[in-house]
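Structure record follows, encoded as structure tokens.
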Amino acid sequence: MTEKLYYTDSFIKKFTAKVLSCRETKAGFEVILDRTAFFPEGGGQSADTGKIGGAQVADAHERNGEVIHYVNQALSEGEEYECEIDWLQRFRRMQNHSGEHIVSGLVNTKYGFNNVGFHMGRDAVTIDFDGDLSHSQLVEIEREANLAVAADIGIKTGFPSEEKLKTLEYRSKLELTENVRIVEIEGVDICACCAPHLRSTAQVGIVKILSAERRRRGGEGVRVTMLCGLDAVDYLGRIHESNAGISAMLSVPREETDKGVERMLKENERLRQRVSELGRELARLRAEGIAPVDGNICIFDDVLEEPALRDIVNVAAEKCGGVAAVFSGSDETGYRYIIGSKNVNLRANSGLINTVLGGRGGGRPEMIQGSCTASAEKIKDFLSTFLV
């Protein structure tokens, strides 16, 4: 059985190991070593990657007590190789995982909620709790988590005896009875976990809770998204740069960008309402200039918004014996249409209109709306003869 070095020392970066077996597969080669620091996927944490000799390790899994290393080239059985894990990747994952233990332990102690789901993704860590947590509660949890980081509490790992295990109150998603590995952060958390962890809370660096939302599956509770350590620093750096850009565009201090955006949105809403008012006034003036006809009226417009266009159609429908149609758009992008009539059942004729104009839409007998792909020339030709 492979000697699992990551259990005895999670900070081993390089080691030597003998190849016990190397088996070719469709995807590459499966290698078993006599000892390894490559952590196989488990406990919500992805497998380590790195090198065995000149072979790249892309993944690792445990099978019947052996750690299978998935590599891209054959290695000689019985030969010893220099091995190296991708240390920065491992360290970042340990920061996030140990930080997750701090948060989950605090939530469990303070509110009695259990961590019922944990995933360490490429961009963030998510924790599913079986109870609801408010924004203010999560702010407090984040504060206490970072106080625990600052306290530089030792993180202990080990396999207690069955007798010792019976005396411990620890968190676990599964009913475990043997070979239970315990990760303990004194005064903060004690949990069953198979993954490598940091040596102390100070190495977590920082805990940052990003968001919380209701769980979509599995009943009540929340899904908390968070980042720790270097990943959190990178994320906050990106946010800072983005905020700096917004600050410059709005000419406000960086700590007041939310107020600047709020003012801009209010001004945009005021301008939008004014544009709408002016559009409807322009529509009224255009509608007044429409001469009455016995047949159809066809108008093209690329300025007015839908409410104003509907106003034109309503007025034009009173001035024609057929249909009043307004088309907004262009031959390149297609057209949105509104067609109204006092004398023609448009719902009954919508199929014909859409078929001829390459359109989709419908509505009431007196008015239909939709879109079409026909050119302006084809639209004009059709309406020049439609029901005339």
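The values are calculated or read from the model by the stated rules, or taken from the named source; none is laboratory data. Remember, predicted model here, so these are calculated numbers, not experimental data. Glycine gets a Cβ as well: all are built from the backbone with ideal geometry, and neighbour counts include every protein chain shown. Accessible surface is based on the protein model in full, side chains and every heavy atom, while ligands, DNA and RNA are left aside. Shrake-Rupley method; radii C 1.70, N 1.55, O 1.52, S 1.80 Å.
Out of all the residues in the stretch 131-160, which are of a type in the set (Ser, Thr, Tyr) and free of Cβ contacts under 8 Å to residues at least 40 places away in the same chain?
Ser134, Ser136
Considering each residue of the stretch 332-374, count those that are out of contact with any Gly (no Cβ under 8 Å at 6 or more places or on another chain), open to solvent by 20 Å² or more (accessible area, probe 1.4 Å) and closer than 23 Å to Arg286 by Cα, and give that number.
Final tally of qualifying residues: 1.
Of all residues being assigned to a helix (DSSP H, G or I) and crowded, with 17+ Cβ neighbours inside 10 Å in the stretch 375-388, which is nearest to the chain's Cα centre (by Cα)? Just the residue, please.
If we take residues in the stretch 375-388 being assigned to a helix (DSSP H, G or I) and crowded, with 17+ Cβ neighbours inside 10 Å, then Ile379 is nearest to the chain's Cα centre (by Cα).
Where in the stretch 184-275 are there strands (runs of 3 or more DSSP E), lying wholly inside it, with at least 1 residues that are more than 17 Å from Phe118 (Cβ to Cβ), of a type outside the set (Val, Ile, Thr) and open to solvent by 60 Å² or more (accessible area, probe 1.4 Å)?
207-214
Report the residue count in the stretch 87-116 for those that are of a type in the set (A, V, I, L, M, F, W, C), open to solvent by less than 10 Å² (accessible area, probe 1.4 Å) and in contact with a strand residue (DSSP E or B) (Cβ under 7 Å, 6 or more places away or on another chain).
Total satisfying the criteria: 3.
Only one of these is over 26 Å from Leu271 (Cβ atoms), in contact with a helix residue (DSSP H, G or I) (Cβ under 7 Å, 6 or more places away or on another chain) and acidic (Asp, Glu): Asp294, Asp311, Asp331, Asp301. Name it.
Every option except Asp331 fails the conditions.
Filter the stretch 25-49 down to residues that are modelled with pLDDT of 95 or more, open to solvent by 30 Å² or more (accessible area, probe 1.4 Å) and either assigned to a strand (DSSP E or B) or under 20 Å from Lys173 (Cα atoms) (or both), then give me how many there are.
3
Within the stretch 117-133, is even one residue at pLDDT 95 or above, of a type in the set (A, V, I, L, M, F, W, C), open to solvent by 20 Å² or more (accessible area, probe 1.4 Å) and under 23 Å from Gly237 (Cβ atoms)?
Checked the stretch 117-133: no residue is at pLDDT 95 or above, of a type in the set (A, V, I, L, M, F, W, C), open to solvent by 20 Å² or more (accessible area, probe 1.4 Å) and under 23 Å from Gly237 (Cβ atoms).
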